[in-house]
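Chemist: Sending over a structure as structure tokens; questions will come in a sec.
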Amino acid sequence: MNVWGGAITFISEEGAGSTFTFTLPLAEATRESEASLATKPLSTETFPVPAGERIPRLLLAEDDPTIRKILGLMLERSNYEIDFAEDGQKAIEMWEQGGYDLVLMDVQMPRLNGFEATSVIRDQEQANGGHTPIVAMTAHAGKEDEERCFAAGMDAYIPKPVDFEKTLQVIGETLKNIKKAQGRTLAP
């Protein structure tokens, strides 16, 4: 949800700590814009769920608790059901329980990183059938990083810092493509 057009970034160094930064492009408000903002809800990216369709269930695999909280709030407000895994091993364990329509997979996590977790999931899918879309999330935003994510079996790619609007677009498009391919009923 890119309501204010901002971004959140962080740099973390083991033993040294973490630095979080956020940006909000602000301008001086006029009386007309103040009145306009007061009548608009903050969450404009909510997707309606048509009658008879179920809310998509997402698994967010992310080791940073702040990012989990912010993305979780954004996704819940956008009409998704969301569960959280703090590392790659936990993501696999939760995925094995079933019921996820999509996995948002951070690439750099403890225990198992996103590439290793994706590999385990894809191996199990190859043996048992099925396909859960996995969307990579990584601060490594070069073209070679994107290609590495696709080569690892991930279905889509979101660079960090996370752009909420773009994230919702990627999730929606990925779910729509899977819905068509599998003939399942999912919103959006």
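Chemist: By average Cβ neighbour count within 10 Å, what is the ranking of 88-99, 53-64, 10-21 from highest down?
Modeler: 53-64, 88-99, 10-21
Chemist: Right, next: Probe 1.4 Å, all protein chains in place: accessible area of Val120 in Å², nearest 10?
Modeler: Val120 exposes around 50 Å² with every protein chain in place.
Chemist: Follow-up. Is the shape of segment 96-178 rounded, prolate or oblate, going by the alpha carbon gyration tensor and its root eigenvalues a ≥ b ≥ c, with a/c under 1.5 for rounded and a/b larger than b/c for prolate?
Modeler: Judged from the Cα gyration tensor, segment 96-178 comes out oblate (a/c at least 1.5, b/c at or above a/b).
Chemist: Something else now. Below 12 Å, Cα to Cα, which aspartates and glutamates can Lys69 reach? Residues fewer than 8 away in the same chain don't count.
Modeler: By straight Cα distance, Lys69 reaches Asp83, Glu86.
Chemist: Here's a follow-up. Name the aspartates and glutamates eligible as straight-distance cross-link partners of Lys166: C-alpha to C-alpha under 14 Å, and not fewer than 8 places from it in the same chain.
Modeler: Glu45
Chemist: Find the eigenvalues of the gyration tensor of the Cα atoms of segment 52-136, then list the square roots of 5 times those eigenvalues as equivalent ellipsoid semi-axes, largest first, in whole angstrom.
Modeler: Over the Cα atoms of segment 52-136, the ellipsoid semi-axes are 20, 18, 8 Å.
The values are calculated or read from the model by the stated rules, or taken from the named source; none is laboratory data. What you see is a predicted model; the values in this text were computed from it and never measured. Glycine gets a Cβ as well: all are built from the backbone with ideal geometry, and neighbour counts include every protein chain shown. In case anyone asks, the SASA skips ligands and DNA or RNA and just uses the protein heavy atoms, side chains included. Shrake-Rupley method; radii C 1.70, N 1.55, O 1.52, S 1.80 Å.
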